[in-house]
Ligand code: ADP
């Protein structure tokens, strides 16, 4: 699923959180929205998801205008930094949740849900945790379960907001490699928000650098790293998180 964002704007009062952003993302690409805190990354992600309504501009999925479509009709899956799993549900119930709440007409049978959950848990290499509760897992394992849960409904677009932000450096590094591998396996068009340039450089096919609600540069990691478009990008890439 390709994503096209055209002249998107979102203000909060007088503040321009997203200020005339245009970009196109190819089907199957893993794109990082990179920038300092407050640069509008999360707002842009939420606009793509349909969790916020833009003041103006359009969003197209596969060349179809979906700007007015409700979040539930956009076919997107999410992983958030603090995407709490349901504590009172087992891992398997968490992963199957999105399927079990589908309208009856679209809901798979319990056996089908079970099989699908098993496959997803194998995909994230945590099939042995099916009957455990989230509290029995590590932070990194929980985020992998959150990913499996997001993928259960076969999203056309996967959106990740600082997915590893809350984890320590070693687990983050492990999960980065792991997200890259997973993406190479399933090729779902994915957009993730990060303020960590290392993370973007290591994981993404494509980096969109944002500042003050605007896109400063948009290119491959090599382009952005080797040829920063302006002093802001140059300085930002030089900072250490
Ligand atoms: P980033 O993800 O790059 O840190 P955000 O998109 O979260 O940036 O936020 C951009 C700016 O918009 C921030 O200054 C934030 O305070 C403001 N903002 C975000 N959401 C809201 C909201 N619901 N109401 C008012 N201001 C908001």
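Brief remarks on what is shown
- The single condition from (1) in contact with a strand residue (DSSP E or B) (Cβ under 7 Å, 6 or more places away or on another chain); (2) modelled with pLDDT under 90; (3) farther than 26 Å from residue 37 by Cα that residue 98 fails is (1).
- Flag for residue 176 being under 18 Å from residue 120 (Cα atoms) and away from the ligand (no atom under 16 Å from the Cβ): no
- Residue list for segment 13-44, filter: out of contact with any helix residue (DSSP H, G or I) (no Cβ under 9 Å at 6 or more places or on another chain), within 10 Å of the ligand (Cβ to nearest atom), over 21 Å from residue 237 (Cβ atoms) and not in a loop (DSSP other than H, G, I, E, B): 15, 16, 43
- Any hit, segment 213-222, residues being free of Cβ contacts under 8 Å to residues at least 12 places away in the same chain, surrounded by fewer than 22 Cβ atoms within 10 Å (Cβ to Cβ) and part of a helix (DSSP H, G or I): yes
- Residue within segment 185-205 that is within 16 Å of the ligand (Cβ to nearest atom), in the same structural domain as residue 59 (by TED's automatic domain parsing), closer than 23 Å to residue 62 by Cβ and surrounded by fewer than 23 Cβ atoms within 10 Å (Cβ to Cβ) present: no
- For residue 185, the test of being touching a residue at least 40 places away in the same chain (Cβ under 8 Å) and either assigned to a helix (DSSP H, G or I) or closer than 22 Å to residue 5 by Cβ (or both) is passed.
- Filter result for residue 10 (out of contact with any strand residue (DSSP E or B) (no Cβ under 8 Å at 6 or more places or on another chain) and either in the same structural domain as residue 142 (by TED's automatic domain parsing) or within 16 Å of the ligand (Cβ to nearest atom) (or both)): no
- Of the numbered criteria (1) under 20 Å from the mean Cα position of the chain (by Cα); (2) exposed (fewer than 15 other Cβ atoms within 10 Å of the Cβ), the one residue 141 fails is (2).
The values are calculated or read from the model by the stated rules, or taken from the named source; none is laboratory data. Values in this document were obtained by computation on a predicted structure and should not be read as measured data. In this analysis, Cβ positions are derived from the backbone assuming ideal geometry, glycine residues included, and neighbour counts consider all displayed protein chains.
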